[in-house]
Amino acid sequence: MLFAQSYLNGLGLGASLIMAIGAQNAHVLRTGIQRSNVGVTVAACIVIDALLIGLGVAGAGALIQDSPLLLGLARWGGAAFLIWYGLRSWKSLLGSHSLDLASQSATPTARKALVSVVALSLLNPHVYLDTVVLLGSVGGSYPVEQRTSFSVGAMTASVLWFCALGFGAVRLSNVLQRPIVWKIIEGLTGAIMLALAASLILRG
């Protein structure tokens with residue numbers, strides 16, 4: 001049985017978390033602009049998010065939240081990952097090159113694309129704070145019979161967002177691949193990553 005209010009709450013919270021730009025979203029955007037294995041990337045992100053949401057609501061979120069060691073690892077590991085990704089974006093911004101589809105002569109195989117998105121998603125400790133701990137703790141606070149509805153709502157947000165981001169980037173790739181536009185994207189991505197890292201450090 002689907003509880004409408006729990007579903008909508010999950011949808012709203014899931015959307016508010018997933019729509020904030022992060023390493024995963026930046027990767028999906030880049031993949032869409034390059035028109036390279038977009039379907040595989042989008043599908044992998046959706047499946048990973050669904051699994052993490054399910055784990056969080058099932059109790060993994062509360063487990064991490066109640067463990068100072070695990071919470072510290074997620075927080076400081078997440079900060080380090082975000083700093084690295086932010087500086088990488090700024091390095092790309094300051095470089096002499098920008099995203100050039102014409103130079104992408106060797107399109108990665110679907111397998112390589114899958115490995116990349118899985119690694120980028122699961123090796124980012126920050127994702128565990130948002131998806132597992134935050135969503136999981138909120139979903140876990142609902143009565144048992146309503147938790148599935150909350151989880152499905154959050155998963156729906158992931159499906160809608162990643163499809164819109166990935167395939168939307170494909171449709172707009174001619175605009176988004178322009179040097180000035182891509183440099184703006186890289187600059188904003190780097191700034192947001194470093195701001196998120198700072199917030200994690202200060203929170204600790």
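Write out, first by first residue and then by second, each pair whose Cβ atoms fall under 7 Å of each other, whose residues are 6+ apart or on separate chains, and whose first residue, in region 114-138, is more than 13 Å from LEU82 (Cα to Cα) while the second is surrounded by 19 or more Cβ atoms within 10 Å (Cβ to Cβ) and among the acidic types (Asp, Glu).
Hits for this filter: THR131/ASP49.
May I ask you to verify whether VAL170 is part of a helix (DSSP H, G or I), touching a residue at least 24 places away in the same chain (Cβ under 8 Å) and either among the acidic types (Asp, Glu) or closer than 17 Å to ARG35 by Cα (or both)? Spell out the reasoning first.
Numbers: part of a helix (DSSP H, G or I): yes; touching a residue at least 24 places away in the same chain (Cβ under 8 Å): yes; either among the acidic types (Asp, Glu) or closer than 17 Å to ARG35 by Cα (or both): yes.
It is true that VAL170 is part of a helix (DSSP H, G or I), touching a residue at least 24 places away in the same chain (Cβ under 8 Å) and either among the acidic types (Asp, Glu) or closer than 17 Å to ARG35 by Cα (or both).
Tell me, please, whether a residue that is under 18 Å from the mean Cα position of the chain (by Cα) and either at pLDDT 80 or above or in a helix (DSSP H, G or I) (or both) can be found in region 95-113.
Taking region 95-113 first, the residues under 18 Å from the mean Cα position of the chain (by Cα) are 113.
With either at pLDDT 80 or above or in a helix (DSSP H, G or I) (or both) added as a condition, the list becomes 113.
The answer is yes; a qualifying residue exists.
Does ALA154 satisfy the condition of being under 18 Å from the mean Cα position of the chain (by Cα), under 24 Å from ALA79 (Cα atoms), in a helix (DSSP H, G or I) and among the hydrophobic types (A, V, I, L, M, F, W, C)? Let's see the steps before the verdict.
Values: under 18 Å from the mean Cα position of the chain (by Cα): yes; under 24 Å from ALA79 (Cα atoms): no; in a helix (DSSP H, G or I): yes; among the hydrophobic types (A, V, I, L, M, F, W, C): yes.
In short, no.
Is it true that some residue in region 181-190 is touching a residue at least 12 places away in the same chain (Cβ under 8 Å) and under 19 Å from GLY78 (Cβ atoms)? Give the steps one after another, and end with the answer.
Let us first name the residues in region 181-190 that are touching a residue at least 12 places away in the same chain (Cβ under 8 Å), namely 182-183, 185-190.
From what's left, under 19 Å from GLY78 (Cβ atoms): 189-190.
Yes.
Looking at region 3-14 only, could you name the residues that are hydrophobic (A, V, I, L, M, F, W, C) and touching a Gly at 6+ places or on another chain (Cβ under 9 Å)? Before you say what the answer is, go through the steps one by one.
Within region 3-14, the first condition is being hydrophobic (A, V, I, L, M, F, W, C), and the residues that meet it are 3-4, 8, 11, 13.
If the condition is that a residue be hydrophobic (A, V, I, L, M, F, W, C) and touching a Gly at 6+ places or on another chain (Cβ under 9 Å), then LEU8, LEU11, LEU13 are the ones that fit.
Which residues, counting only those in region 132-175, are touching a Phe, Trp or Tyr at 6+ places or on another chain (Cβ under 7 Å) and closer than 25 Å to SER67 by Cβ?
GLY139, TYR142, PHE150
Modelled with pLDDT of 85 or more and within 19 Å of LEU196 (Cβ to Cβ) - does that describe any residue in region 81-93?
Residues of region 81-93 modelled with pLDDT of 85 or more: 83, 87.
Then keep just the ones that are within 19 Å of LEU196 (Cβ to Cβ); that gives 83, 87.
There is at least one residue in region 81-93 that is modelled with pLDDT of 85 or more and within 19 Å of LEU196 (Cβ to Cβ).
So, in region 51-77, how many residues would count as being surrounded by 17 or more Cβ atoms within 10 Å (Cβ to Cβ) and within 27 Å of PRO108 (Cα to Cα)?
Counting residues in region 51-77 that are surrounded by 17 or more Cβ atoms within 10 Å (Cβ to Cβ) and within 27 Å of PRO108 (Cα to Cα) gives 1.
Where the second residue is among the basic types (Lys, Arg) and the first is in contact (Cβ under 8 Å) with a residue 24 or more places away in the chain and lies in region 1-20, which pairs have Cβ atoms under 8 Å and are six or more apart or on separate chains?
SER6/ARG147
Determine which member of the set VAL175, VAL159, VAL181 is under 17 Å from the mean Cα position of the chain (by Cα) and in a helix (DSSP H, G or I). Please lay out each step first, then the result.
Working: VAL175 fails: under 17 Å from the mean Cα position of the chain (by Cα); VAL181 fails: under 17 Å from the mean Cα position of the chain (by Cα).
Going through VAL175, VAL159, VAL181 in turn, just one is under 17 Å from the mean Cα position of the chain (by Cα) and in a helix (DSSP H, G or I): VAL159.
The values are calculated or read from the model by the stated rules, or taken from the named source; none is laboratory data. A quick note: this is a predicted structure, and the numbers were derived from the prediction, not measured. Every residue, glycine among them, receives a Cβ derived from its backbone with ideal geometry; neighbour counts consider all protein chains shown.
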